[in-house]
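Asks: Once you've had a glance at the structure underneath, I'll fire off some questions.
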Amino acid sequence: MMEIGGLSKSYDGRPAIADLDLMVADDEYLTLLGPSGSGKSTLLRLIAGLERPDRGRILLNGEDITHKPAHLRGLGFVQQNYALFPHMTVAQNVGFGLANRLVDPVTDPAELGRRVDAMLDLVGLSGLGGRMVSQISGGQKQRVSLARTLVTEPRICLLDEPLGALDANLRERMTVELRRIRETLGVTFLHVTGNEAEALAMGDRMIVLDGGRAVQVAPPDEVFGRPATARVARFVNAYNLLEGETRDGAFVSGADRLPLPAGVHARAYAVRHDAVEIGDQAPEGWPAIEGRFVTAEFLGSRVLYFFQRRDGGIIEVERHLSQSDPLRFAQGEARVLHWDPAAAHLFGEDGRRVDAAQGGRA
Amino acid sequence: MAAASVTQGAAARRRQLLLLAPGVIWMLLFLVLPLAMMVYVSFWTQTTFAIKPDLTTKSWEAFFSSTTYVEALLRTLRIWLTVLVITLLIGYPTALFIGQFVRDKTVQTVLLVTCVIPFWTSFLIRVLAWRPMLGKEGAINIVLMKLGIIDAPIEALLFSELSVIIGMVQIYVVFMVGPIAFMLARIDPSLIEAARDLGASAWTIFRRILLPLSLPGVVVGAIFVSVMVLGEFATASALSGRKVNLLGNIIVTQVGSLKWAFAAVAGVILTIVTALVVTLLLRVVNLRREL
């Protein structure tokens, strides 16, 4: 188990990580979602010991490792660019940590070979041990990099955008593989990504990092269904986010007025793409916005419709084709977009969620 | 269709040959031909006042039966090896500092340029400047005597093999630093971080990652230094008081006294030695793969 408390790190006075608290359990898959510049790579480097924090501490199983050098921490770090040693074979790369670590190195060549082979089997690279790293593909390099770290049996394995450089097809296969490998070994994965779909799909729990802080730590379905801040709603990329202010018990954004529950004061209003309905008229008391049809995007099982609001903003509507037939609209056709008041997510002055009596669909 | 591609292939081949021609002609005229000529002349008959194109092995026999010349050959090899080892011992740590410990690219460039500053003065001045440094009443002896470390000046400092080696090391060490620093600076810092994260100590990282990855730079540097030191004559004559004769000095003297055949023999031997050394060094690392 790893506990991080009050961790801070600035570069030239600009905070990259600000007072971050985090608890990482044993044997879990934790994904860390953050836009670029949110400090996610810095956090990994601080945990791995490749950077020194300004303040705060990191406890690993109760032991303070904040100032321990990287090579004594017993953590694994799979770098984004794989960082394979170009002058070694695949097997030499994988065996590097075991053979050369300062603490408890494996000196018996037979034992070393056995453990390297077992790890190559696990990541699906059996028989490639003799190849030079320049002779294997990108996806294979990814696996070598992973194997090289996992063979040292780290207590926590840190993965910096591990799927970022792979093409879509390979990425999908690797997501399944990563989960399988993790479950086989029972090691904790801390997987950093800028891709919301990846973070949602892979994690047992998910951390959303924004401005150097963990703004939400929760299972993926909760992050997706009840974003803690307006910016989290933006990161998960499934919400129409309207900015505005509360006037006379209604949310006013541009030319539109949306009813609010009594006593709620909101500065941002979010509604999921798939909660919006398209019609001629809204049911009594439902929030509604008039929009002109711009275009539709066919996504196989779903269709995304884009409507332009009167003040220029875009509202996206998602309809699943298993539940409805595709709709056809003429360019510029005006429709009334409306939704159940219970589907509204409201965020206050500080960007945090404001829960009214109805509280959304939680 | 097939015919068209054949003519197209022929055209491409013709264009290739045309592009190759200037280089090939240049090498033939200014490298292969002179080399062949040198080998040919080394077998000409040399008399005191004239040289005739009658083939003989007299000059070769004279070279290898003279202790002066064989000694010069051995001395050349000895000084080359000494200078090579010392430039490596001084050059590698310097390059390691510039290439790995300085992470700022601008500072790296500034430091490398600093290494080259001595080259802004002429070769002769750089060599001759060692005389007031190393001489019997030179700077080093004066300082050592003032400090009371020695009683009498060290005479072996100047006009000896030592002074030749000191002079050559100073001039050529930068050719060792440059290529090694270049290779070290090219190493992706994430490799070192990965090695650290895998538990390796600084020494292991140097031995297993930095050293093997910088080896091509060492080989290139060694080739630079070797080729230049083996053909040296100026440093030797300026700093040894003509006591230390290298193969290069022999060529200069023989050409000066119009003994062309003899100079050609020394030239052929020097070329063979240089070629052997370069071949040997290239055996260490497959440069084509590594660079």
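Asks: Pairs, please: C-beta under 9 Å, at least 6 apart or cross-chain, first residue under 18 Å from B:Pro189 (Cα atoms) and in the range B:103-120, second part of a helix (DSSP H, G or I) and open to solvent by less than 80 Å² (accessible area, probe 1.4 Å)?
Replies: Pairs found: B:Arg103/B:Pro189; B:Lys105/B:Ala185; B:Val107/B:Ile98; B:Gln108/B:Ile98; B:Gln108/B:Gly99; B:Gln108/B:Ala181; B:Gln108/B:Ala185.
Asks: Further question on the same structure: Please pick out the residue among B:Ile165, B:Ile180, B:Ile154 that is buried (at least 23 other Cβ atoms within 10 Å of the Cβ) and either away from chain A (no Cβ under 14 Å) or charged (D, E, K, R) (or both). Steps first, please.
Replies: On the way: B:Ile165 fails: buried (at least 23 other Cβ atoms within 10 Å of the Cβ); B:Ile154 fails: buried (at least 23 other Cβ atoms within 10 Å of the Cβ).
The match here is B:Ile180.
Asks: For the range A:77-101, which residues satisfy the criterion of being open to solvent by 10 Å² or more (accessible area, probe 1.4 Å) and more than 7 Å from chain B (Cβ to nearest Cβ)?
Replies: Selection gives A:Gln80, A:Tyr82, A:Leu84, A:Pro86, A:Met88, A:Thr89, A:Ala91, A:Gln92, A:Ala99.
Asks: Might you check whether a residue that is within 14 Å of another protein chain (Cβ to nearest Cβ) and under 30 Å from A:Thr149 (Cβ atoms) occurs anywhere in the range B:272-284? Break it down into steps so the answer makes sense when it comes.
Replies: Pass one, the range B:272-284, residues within 14 Å of another protein chain (Cβ to nearest Cβ): B:284.
This time we only want the ones that are under 30 Å from A:Thr149 (Cβ atoms), so: none.
Scanning the range B:272-284, I find no residue that is within 14 Å of another protein chain (Cβ to nearest Cβ) and under 30 Å from A:Thr149 (Cβ atoms), so the answer is no.
Asks: Hey, could you check the range A:260-280 for residues that are in contact with a His (Cβ under 8 Å, 6 or more places away or on another chain) and either among the hydroxyl-bearing types (Ser, Thr, Tyr) or open to solvent by 70 Å² or more (accessible area, probe 1.4 Å) (or both) and say which is farthest from A:Tyr239 (Cα to Cα)?
Replies: The qualifying residue farthest from A:Tyr239 (Cα to Cα) is A:Glu277.
Asks: Still on this structure, please answer the following. Looking at A:Arg143, A:Arg155, A:Arg182, A:Arg114, which is the one that is in the same structural domain as A:Ser41 (by TED's automatic domain parsing), at pLDDT below 90 and among the basic types (Lys, Arg)?
Replies: Values: A:Arg143 fails: at pLDDT below 90; A:Arg182 fails: at pLDDT below 90; A:Arg114 fails: at pLDDT below 90.
Only one candidate qualifies: A:Arg155.
Asks: Tell me which of these B:Leu124 doesn't satisfy, since it passes every other one: (1) under 24 Å from B:Val220 (Cα atoms); (2) in a helix (DSSP H, G or I).
Replies: Failing condition for B:Leu124: (1).
Asks: Among the residues of the range B:131-151, write down those that are open to solvent by 50 Å² or more (accessible area, probe 1.4 Å), of a type in the set (A, V, I, L, M, F, W, C) and part of a helix (DSSP H, G or I).
Replies: Within the range B:131-151, B:Met133, B:Ile140, B:Ile142, B:Val143, B:Met145 meet the criteria.
Asks: For the range A:2-23, enumerate the residues that are in contact with a Lys or Arg (Cβ under 9 Å, 6 or more places away or on another chain) and aliphatic (A, V, I, L, M).
Replies: Those that are in contact with a Lys or Arg (Cβ under 9 Å, 6 or more places away or on another chain) and aliphatic (A, V, I, L, M): A:Met2, A:Ile4, A:Leu7, A:Ala16, A:Ile17, A:Ala18, A:Leu20.
Asks: Which residues, counting only those in the range B:96-111, are open to solvent by 50 Å² or more (accessible area, probe 1.4 Å) and either under 25 Å from the mean Cα position of the chain (by Cα) or not hydroxyl-bearing (Ser, Thr, Tyr) (or both)?
Replies: Kept after step one, since they are open to solvent by 50 Å² or more (accessible area, probe 1.4 Å), are these residues of the range B:96-111: B:97, B:101, B:103-107, B:109-111.
Residues satisfying the conditions are B:Phe97, B:Phe101, B:Arg103, B:Asp104, B:Lys105, B:Val107, B:Thr109, B:Val110, B:Leu111.
Asks: Now, a different point. Looking at B:Leu73, is it open to solvent by less than 50 Å² (accessible area, probe 1.4 Å) and under 30 Å from B:Phe182 (Cα atoms)?
Replies: no
Asks: Please work out which residue is nearest to A:Arg52 (Cα to Cα), limiting yourself to the range A:1-37 and to residues that are open to solvent by less than 20 Å² (accessible area, probe 1.4 Å) and in a loop (DSSP other than H, G, I, E, B).
Replies: A:Gly34
Asks: So, A:Ser134, is that one open to solvent by 30 Å² or more (accessible area, probe 1.4 Å), part of a helix (DSSP H, G or I) and either of a type in the set (Ser, Thr, Tyr) or outside the structural domain of A:Phe85 (by TED's automatic domain parsing) (or both) or not? Before the answer, list the steps.
Replies: Numbers: open to solvent by 30 Å² or more (accessible area, probe 1.4 Å): yes; part of a helix (DSSP H, G or I): yes; either of a type in the set (Ser, Thr, Tyr) or outside the structural domain of A:Phe85 (by TED's automatic domain parsing) (or both): yes.
Against the criterion (open to solvent by 30 Å² or more (accessible area, probe 1.4 Å), part of a helix (DSSP H, G or I) and either of a type in the set (Ser, Thr, Tyr) or outside the structural domain of A:Phe85 (by TED's automatic domain parsing) (or both)), A:Ser134 qualifies.
Asks: Could you say which residue among A:Val303, A:Val354 is touching a strand residue (DSSP E or B) at 6+ places or on another chain (Cβ under 9 Å), not assigned by TED's automatic domain parsing to the domain that holds A:Thr246 and not acidic (Asp, Glu)?
Replies: Values: A:Val303 fails: not assigned by TED's automatic domain parsing to the domain that holds A:Thr246.
So the residue among A:Val303, A:Val354 that is touching a strand residue (DSSP E or B) at 6+ places or on another chain (Cβ under 9 Å), not assigned by TED's automatic domain parsing to the domain that holds A:Thr246 and not acidic (Asp, Glu) is A:Val354.
Asks: Scan (1) out of contact with any strand residue (DSSP E or B) (no Cβ under 9 Å at 6 or more places or on another chain); (2) buried (at least 18 other Cβ atoms within 10 Å of the Cβ); (3) more than 17 Å from B:Ala72 (Cβ to Cβ); (4) at pLDDT below 95 for the single condition B:Ala200 breaks and write down its number.
Replies: (1)
Asks: Which of (1) at pLDDT below 90; (2) open to solvent by 70 Å² or more (accessible area, probe 1.4 Å); (3) of a type outside the set (Gly, Ala, Ser) does B:Arg126 not meet, given it meets every other one?
Replies: (2)
Asks: In the list B:Gly199, B:Gly241, B:Gly217, which residue meets the criterion of being on the phi > 0 side of the Ramachandran plot, within 14 Å of another protein chain (Cβ to nearest Cβ) and small (Gly, Ala, Ser)?
Replies: Details: B:Gly241 fails: within 14 Å of another protein chain (Cβ to nearest Cβ); B:Gly217 fails: on the phi > 0 side of the Ramachandran plot.
Unique residue meeting the criteria: B:Gly199.
Asks: Which is part of a helix (DSSP H, G or I), basic (Lys, Arg) and farther than 29 Å from B:Ala234 by Cα, of B:Arg13, B:Arg78? Reasoning before the result, please.
Replies: Working: B:Arg78 fails: farther than 29 Å from B:Ala234 by Cα.
Only one candidate qualifies: B:Arg13.
Asks: Just to confirm my filter: which helices (runs of 4 or more DSSP H) fall fully inside the range B:211-291 and include at least 2 residues that are in contact with a helix residue (DSSP H, G or I) (Cβ under 9 Å, 6 or more places away or on another chain), farther than 19 Å from B:Leu124 by Cα and open to solvent by 10 Å² or more (accessible area, probe 1.4 Å)? Full working, then the answer.
Replies: Details: elements: B:211-230, B:234-240, B:247-256, B:260-284, B:287-290.
Answer list for the range B:211-291: B:211-230, B:247-256, B:260-284, B:287-290.
Asks: Tell me, yes or no, whether the range A:53-76 has at least one residue that is of a type in the set (A, V, I, L, M), open to solvent by 10 Å² or more (accessible area, probe 1.4 Å) and more than 14 Å from chain B (Cβ to nearest Cβ). Give the steps one after another, and end with the answer.
Replies: Step one: of the range A:53-76, the residues of a type in the set (A, V, I, L, M) are A:58-60, A:65, A:70, A:72, A:75.
Those left that are additionally open to solvent by 10 Å² or more (accessible area, probe 1.4 Å): A:59, A:72.
Right, trim to more than 14 Å from chain B (Cβ to nearest Cβ) and you get A:59.
Among the residues of the range A:53-76, at least one is of a type in the set (A, V, I, L, M), open to solvent by 10 Å² or more (accessible area, probe 1.4 Å) and more than 14 Å from chain B (Cβ to nearest Cβ), which makes the answer yes.
Asks: Could you check the range B:198-245 and list, in sequence order, the residues that are within 16 Å of B:Val169 (Cα to Cα) and among the charged types (D, E, K, R)?
Replies: B:Glu232
Asks: If you don't mind, another one. Could you check how many residues of the range B:180-204 are closer than 20 Å to B:Val285 by Cα and either under 24 Å from the mean Cα position of the chain (by Cα) or part of a helix (DSSP H, G or I) (or both)?
Replies: 7
Asks: What are the pairs, 6+ residues apart or on separate chains, where a residue within the range A:325-345 that is under 24 Å from A:Glu284 (Cβ atoms) has its Cβ under 9 Å from a residue that is among the hydrophobic types (A, V, I, L, M, F, W, C) and open to solvent by 60 Å² or more (accessible area, probe 1.4 Å)?
Replies: Pairs that qualify, where the first residue is under 24 Å from A:Glu284 (Cβ atoms) and the partner is among the hydrophobic types (A, V, I, L, M, F, W, C) and open to solvent by 60 Å² or more (accessible area, probe 1.4 Å), are A:His338/A:Trp286; A:Trp339/A:Trp286; A:Asp340/A:Trp286; A:Pro341/A:Trp286.
The values are calculated or read from the model by the stated rules, or taken from the named source; none is laboratory data. Note that this is a predicted model, so its numbers are computed, not measured. Cβ sites come from the backbone with ideal geometry, for glycine too, and all protein chains shown count toward neighbours. With ligands, DNA and RNA removed, areas are computed over all heavy atoms of the protein, side chains included. Shrake-Rupley method; radii C 1.70, N 1.55, O 1.52, S 1.80 Å.
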